[in-house]
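Down below is the structure, laid out as structure tokens.
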Amino acid sequence: MALEESSKNYYWTREEERKLIEFWRQGVRNPEILADRLGRKLEGVKKKLSRLGLVVEPEKGGGPTTTELEMPEELPSVEEALKLLVAAMEALQKPGLSRAEVSRLRSIIQAVRTYKELLADYMDYRGVEARLIELTAKYEKLPENQKKRE
């Protein structure tokens, strides 16, 4: 029995791993909350998360950023931006989010809003409308031009 108790402290069952991953997918990213929910030690949860490739971002810090920005070939459509917005809004509703995750999701929401506004400016609706009127006028003259050729 002593062996069972000591092994329980060190070894994770498949069920415990499954629960950990499920909590993670539900948005519970705080190792302290995970440890409490699973009845495990904090350090054990952190190690298991690391071994599973689930990285815990630090709550505080101000170190240098290492994110490199990749320029997209094409701009995302408004529909794609709105889908990202909805996904971030839905993720915010999940219980147990860390402050860092809430901050990240709010940043995504603000970025989508800004993108939508800038995209509208970029597309210049008045310019598109003027071009459409010009093309419509040319289209209407097609039958006249065809009669002249005959």
Filtered residue count, the stretch 17-31, keeping only those that are under 17 Å from E101 (Cα atoms) and either modelled with pLDDT of 90 or more or surrounded by 15 or more Cβ atoms within 10 Å (Cβ to Cβ) (or both): 7
Taking the stretch 101-150 and keeping residues more than 30 Å from K83 (Cβ to Cβ) and of a type in the set (G, A, S) leaves A130, A137
Checking the condition under 25 Å from P31 (Cα atoms) and not charged (D, E, K, R), which residue from A120, A81, A100, A111 passes? A100
Would you confirm whether or not the stretch 125-139 contains a residue that is touching a residue at least 12 places away in the same chain (Cβ under 8 Å) and either over 29 Å from Q26 (Cβ atoms) or loosely packed, with under 14 Cβ neighbours inside 10 Å (or both)? no
Condition met for G96 (within 25 Å of R18 (Cβ to Cβ), at pLDDT below 90 and either of a type outside the set (S, T, N, Q) or in contact with a Cys (Cβ under 7 Å, 6 or more places away or on another chain) (or both)): yes
The stretch 24-45 residues that are basic (K, R), paired with ones that are surrounded by 17 or more Cβ atoms within 10 Å (Cβ to Cβ) and part of a loop (DSSP other than H, G, I, E, B) (beta carbon under 7 Å, 6 or more apart): R29/L97; R29/S98
Scan E90, E79 and give me the residue that is modelled with pLDDT under 90 and either out of contact with any strand residue (DSSP E or B) (no Cβ under 6 Å at 6 or more places or on another chain) or not aliphatic (A, V, I, L, M) (or both). E79
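The values are calculated or read from the model by the stated rules, or taken from the named source; none is laboratory data. This one's a predicted model, so the numbers in the text were calculated from it and none came from an experiment. Backbone-built Cβ (ideal geometry, glycine too); neighbour counts: all protein chains shown.
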